Structures are given as C-alpha cells and as structure tokens.
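Note sheet for the following structure.
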Amino acid sequence: MDQLLCHFWGDFMTQTSWMALGKYERGLRGWWPAIAHGIIYTCFFLLLTQDVRSLFIIGVTHIVIDHYRVAGWWARLINWEWASPQPVIPLWCMVVIDQTMHLTINYLALK
C-alpha cells in the first residue's frame, strides 16, 4: 500500500499540466517536463527507501517510460500493430499498461 500511495501522489497528485502535456514532445523541449516530473515522482519514494540505486531506477525508468510512451510500444508489440502511429486500443488500456509498468519496476526496485 505504501508503494501505491507514493506512486499515485507522485504520478497524479503533483503532476502539472506542463509536465503531463510537455513530457511527450520531441527533443530537449520534451525532456525537461519529463525530468521534472520524474524528480518529483521519485521524491515520494524517499519515504520508503534511501537506497540511491533503487531511487535511481525508479526515477530514470519513470522518465523514460513517460517520455517515450513505452506503453504504446508495448501495445503495438502485443497486437502486432506496427503500421499505425498510434496503437489501436482504448486509452484506458494504455493507462493501465503504463501504470502496470511503473508499479512493477517500483516493486522490483524496492525489493
């Protein structure tokens, strides 16, 4: 439960519109919002661990997953849908895939 609360506070409760919309942009313009969001997100996990490796894994993977929309790549992979620029699955499925990736990595990093 502690991990889930840290995740929700970091991923939803403190993410600004600038972060949420800007983290997907290409180039440096998209990296800054992604990095800012990743740092704030990771700070919540200081409540659970002070292990630098764990915090590094949580922060960096969160930034990469969000910036590159890794959930979309996963959806294309499992559906063999490489022709379209966007996966052909509902948005809520993309959110669930994204959250599952974050929570799994966080769980493993904290273990």
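General remarks:
- Within the stretch 2-33, restricting attention to residues that are outside any helix (DSSP H, G or I) and at pLDDT 95 or above, the residue that is nearest to residue 64 (Cα to Cα) is 15.
- In the set 68, 41, only one residue is modelled with pLDDT under 95 and hydroxyl-bearing (Ser, Thr, Tyr); that residue is 68.
- Residue check: residue 67 meets all listed conditions (1) within 21 Å of residue 97 (Cβ to Cβ); (2) surrounded by fewer than 17 Cβ atoms within 10 Å (Cβ to Cβ) but one, namely (2).
- With respect to being among the aliphatic types (A, V, I, L, M) and not in a loop (DSSP other than H, G, I, E, B), residue 105 fits the description.
- The stretch 10-59 - residue that is among the charged types (D, E, K, R) and within 18 Å of residue 101 (Cβ to Cβ) and, of those, surrounded by the fewest Cβ atoms within 10 Å (Cβ to Cβ): 11
- Here residue 78 qualifies as surrounded by fewer than 17 Cβ atoms within 10 Å (Cβ to Cβ) and not aromatic (Phe, Trp, Tyr).
- Restricting attention to the stretch 81-111, the residues that are modelled with pLDDT of 85 or more, surrounded by 12 or more Cβ atoms within 10 Å (Cβ to Cβ) and charged (D, E, K, R) add up to 1.
The values are calculated or read from the model by the stated rules, or taken from the named source; none is laboratory data. Just so we're clear, the structure is a prediction, and the values are computed from it rather than from any experiment. No Cβ is skipped: glycine too gets one built from the backbone with ideal geometry, and neighbour counts run over all protein chains shown.
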